[in-house]
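The values are calculated or read from the model by the stated rules, or taken from the named source; none is laboratory data. What you see is a predicted model; the values in this text were computed from it and never measured. Glycine also receives a Cβ, built like all others from the backbone with ideal geometry; neighbour counts cover every protein chain displayed. Each accessible area value is taken on the protein alone, full model and side chains, heavy atoms only, with ligands, DNA and RNA left out. Shrake-Rupley method; radii C 1.70, N 1.55, O 1.52, S 1.80 Å.
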Amino acid sequence: MAEIEREAMEYDVVIVGAGPAGLSAAIRLKQLDADLNVVVLEKGSEVGAHILSGAVLDPCGLDALIPDWKEKGAPLNTPVTEDNFYMLGEAGKIRIPNFPMPPLMNNHGNYIVSMGNVCRWMAEQAEGLGVEIFPGMACSELVYGENGEVKGVVAGEFGKNPDGTPGPGYEPGMELHGKYVFISEGVRGSLAKEIIAKYDLSDGKEPQKYGIGMKEIWEIDPAKHKQGTVTHTMGWPLGGNAGGGSFIYHLENNQVYVGFVVHLNYKNPYLYPYMEFQRFKHHPMVADLLKGGKRVAYGARAITEGGWQSLPKLVAPGVALLGCSAGMVNVPRIKGNHNAMLSGKAAAEAAYDAIKAERSGDELTAYETEVREGPIGKDLKKVRNVKPMWSKWGMIPSLMLGGLDMWTNTMGFSLFGTLGHGKNDALSTEEAGKHQPIDYPKPDGTLSFDRLTNVSFAMTNHEESQPCHLRLTDPDIPVKVNLPKFAEPAQRYCPAGVYEIVEDEGEQRFVINFQNCVHCKTCDIKDPSQNITWTTPQGGDGPNYPNM
Ligand SMILES: Cc1cc2nc3c(=O)[nH]c(=O)nc-3n(C[C@H](O)[C@H](O)[C@H](O)COP(=O)(O)OP(=O)(O)OC[C@H]3O[C@@H](n4cnc5c(N)ncnc54)[C@H](O)[C@@H]3O)c2cc1C
């Protein structure tokens, strides 16, 4: 294809992604200097459309950014009033008391929120300060400057044919250049992945680790609804097959977030994370709660779990990685939104100082220092051994030793130093011959649902006449390698049913139903041959999460 000519627009700071990290950065930049030109580009059809996290929010990030958020009407309406933690067996449960838990695990003072709504509110605050926000604009490429620095992004390219050539309504998009570019794409961002590889930002770090999180919103019987209640579980149905667990958060309007996370370092390629989630809802504790209610939304997204030791270098010339583009989730707390906000604020402050000093296109080292030595680093460092302990020793020892380690870390030391994660999640998958297929019960259509029915509740949509955004490095690998060796686990790890093996005139074929994709990025992470690359489809495509 001939070189594409694009118009360019110049900004002080270009921000990719309108999640809590990107929006916090935009707000802080304009708080510091109302004259800075700041743009935020978001691939979702509107701000919040791709934000999955129905969350318990630690408000420390918002307190630091907008101290009068209450007066300004932030949608934090449900303080946590009750915090429960259970170990589940198939039919029973044991309550783990709160008192042995380190104080950092306590949810009092936190809020159950729709992060989609929090982001919509943050976008209003940003626009009120003069930030330009463009939803429906996917950033598909990085633009590099003469000295190898990141100079900007390409956004808003539309209308390619399936083979990648310009279609009849082709729009080349435009280049948005900035003195600094902030990448706040969330977990496993496609531009972040390119930057981490190009500038070797993960050299000397542990591999990033991930989980797949799936979530449904339920409207339940008001008699069973207890606004403000937070429940976490471990144990059944995953048992020893994989790490992970569930969350159940009672928010407003008789709604409940029911979610399930499976750590993606599981070994058995027959494991089917989506069906584990469906099975979980048949536990008597959950079934009793949901009976008589209805599921009103579904979604899925990967979650970063590598924490402190997997944090890449955060800056390269002209660019900084914010929030979960770098991986700032505190795993035992299942919380990353507060750190995403704090990282946005810190990156903005570093960029403001640099621009004031007439710098551009260099490394914002002050941002890196603030993340590692400030509140984010302290938050992540205290819990750094919980995930590797679980991976090495399993759930019960990691609960006890991880709890002890979090306590001693709260006092400033660890008996374990810093444990490593070892392999990445793709390489943790073992050959199918070493494992037995798992027999999952059929969904009953009341408490549990088949995958495609549930995907319709993510309201995902992709224009079919564009190139498939899920790229195979070698198209033969799924059938020739992954199928005989690993029973092609893409058929099961994808929570949206994108990947299928079909029989076609006696031959097996790998089919990619990219229209179903909910942008969770699990395929890019878990494919055992590391043969799938998630790229961004055209803007506005993907899920349309209403209120999740
Ligand atoms: C199931 C689940 C439950 C969770 N529960 C909690 C919880 O209870 N509490 C908590 O604090 N945290 C929770 N988290 C973690 C939390 O969601 C993340 O830490 C947080 O979303 C990170 O914010 P972010 O701004 O870095 O990224 P995101 O919130 O993911 O935002 C990234 C934004 O960038 C956009 N984007 C991505 N790529 C591009 C591109 N190329 N071009 C344009 N736009 C792009 C996306 O559409 C999205 O809007 C949970 C995560 C999951 C998956």
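With 10 Å bins from zero, work out the P(r) of the range 180-319 over every alpha carbon pair and list the percent per bin.
The distribution over the range 180-319 is 11, 33, 26, 20, 9, 1, given as percents.
Enter the Cα centre distance for the pair the range 295-348 and the range 122-149, rounded to the nearest angstrom.
Measuring centre to centre over Cα atoms gives 18 Å.
Let's test this: bin the Cα-Cα distances of the range 391-452 at 10 Å from zero up to the farthest pair and state each bin's percent.
Whole-percent P(r) values from 0 Å outward: 15, 26, 25, 22, 12, 0.
Report, ordered by chain and residue number, the lysines lying within cross-link reach of K179, taken as a straight Cα distance under 18 Å and ignoring same-chain residues fewer than 8 apart.
K30, K151, K345, K356
Using only C-alpha positions, report the orientation-averaged shadow area of the convex hull of the chain, nm², one decimal.
Convex hull of Cα atoms, orientation-averaged projection: 24.9 nm².
According to the Kirkwood expression over distinct Cα-Cα pairs, how big is the hydrodynamic radius of the range 167-209, in Å?
The Cα-based Kirkwood calculation yields 13.2 Å.
Going by average Cβ neighbours within 10 Å, how do the peptides 279-288, 490-499 rank, with the highest at the top?
490-499, 279-288
Could you work out [θ]222 nm for the chain from helices alone, using -39500 (n - 2.57) per DSSP H run of at least four and dividing by all its residues? Round to the nearest 500 deg cm²/dmol.
Mean residue ellipticity at 222 nm (helix-derived): -7000 deg cm²/dmol.
Which lysines have a Cα less than 21 Å from the Cα of K392, not counting those fewer than 8 places away in the same chain?
Output for K392: K205, K209, K267, K381, K382, K423, K434, K526.
Based on the inverse mean of 1/r over its pairs of different Cα atoms, what is the Kirkwood hydrodynamic radius of the range 414-498, in Å?
After inverting the mean inverse Cα-Cα distance, the result is 16.8 Å.
Give a quick list of trypsin sites (Lys or Arg not before Pro) in the range 339-387 that DSSP marks as loop, anything other than H, G, I, E or B, with at most 16 other Cβ atoms within 10 Å.
Within the range 339-387, the qualifying trypsin sites (Lys or Arg not before Pro) (loop, at most 16 other Cβ atoms within 10 Å) are R359.
On alpha-carbon atoms, Rg over Rh for the range 131-246 using Kirkwood Rh?
1.12
Measuring with a 1.4 Å probe in the full set of protein chains, what accessible area per residue, in whole Å², belongs to the range 460-548?
38 Å²
Using only alpha carbon pairs under 8 Å that are at least six residues apart, calculate the relative contact order of the range 3-99 and give it in whole percent.
That works out to 19 percent.
Kindly identify the range 263-335 as rounded, prolate or oblate by the Cα gyration tensor criterion: order the square roots of the eigenvalues as a ≥ b ≥ c, call it rounded if a/c is under 1.5, otherwise compare a/b with b/c, prolate if a/b is larger, else oblate.
prolate
DSSP loop GluC sites (Glu not before Pro) in the range 294-361 with at most 12 other Cβ atoms within 10 Å of their Cβ, which ones?
The qualifying sites are E358.
If the convex hull of the alpha-carbon atoms of the range 262-416 is projected onto planes in all directions, what is the mean projected area in square nanometres?
The directionally averaged projection comes out at 12.6 nm².
Distance between Cα centroids, the range 496-531 to the range 163-210: provide it in whole Å.
What the calculation gives is 22 Å, centre to centre.
For the range 79-114 and the range 1-39, compute the distance between their C-alpha centroids and round to whole Å.
Their Cα centres are 39 Å away from one another.
Sort I396, I501 by heavy-atom solvent-accessible area, probe 1.4 angstrom, most to least.
So, going from the largest accessible area down, we get I396, I501.
State whether the range 1-96 is rounded, prolate or oblate according to the following rule on the C-alpha gyration tensor (a ≥ b ≥ c being the square roots of its eigenvalues): a/c under 1.5 gives rounded; otherwise a/b larger than b/c gives prolate, and the remaining case gives oblate.
oblate
Are there GluC sites (Glu not before Pro) in the range 430-473 that DSSP marks as loop and that have at most 14 other Cβ atoms within 10 Å, and which are they?
For GluC sites (Glu not before Pro) across the range 430-473 that sit outside H, G, I, E and B with at most 14 neighbouring Cβ atoms in 10 Å, the list reads E431, E463, E464.
If you average the sequence gap of Cα pairs under 8 Å that are 6 or more apart and divide by the length of the range 116-262, what percent do you get for the contact order?
Answer for the range 116-262 is 14 percent.
Per residue, how big is the convex hull of the range 299-384 when only Cα atoms are used? Give it in Å³.
Residue-normalised Cα hull volume stands at 90 Å³.
Grab the other residues whose beta carbon is less than 15 angstrom from that of L401, score K and R as +1, D and E as -1, and report the net.
+3
Return the percentage of antiparallel bridges among DSSP beta bridges fully within the chain, rounded to the nearest 5 %.
Restricted to the chain, the bridges split so that about 70 percent are antiparallel.
Given the Cα-Cα distance of E430 and F413 and 0.36 nm per residue of separation, how much length would full extension add, in nm?
2.6 nm
Report the net charge of residues surrounding K291, where surrounding means a beta-carbon distance below 15 angstrom and charges are Lys +1, Arg +1, Asp -1, Glu -1.
Net charge in that neighbourhood comes out at -1.
Which of the lysines could a cross-linker span from K160 if the Cα-Cα distance has to be under 21 Å and same-chain partners fewer than 8 positions apart are dropped?
K43
Given a 1.4 Å probe, how much area per residue of the range 1-149 is accessible, in Å²?
Solvent-accessible surface per residue comes out at 43 Å².
Using Cα pairs under 8 angstrom and six or more residues apart, how large is the relative contact order of the chain, in percent?
21 percent
Can you give me the pair-distance distribution of the range 58-127, C-alpha pairs, 5 Å bins, whole percents?
3, 13, 20, 19, 13, 11, 9, 6, 4, 1, 0
Rounded to a whole number, what % of the accessible area of the chain do carbon and sulfur atoms account for, probe 1.4 Å?
51 percent
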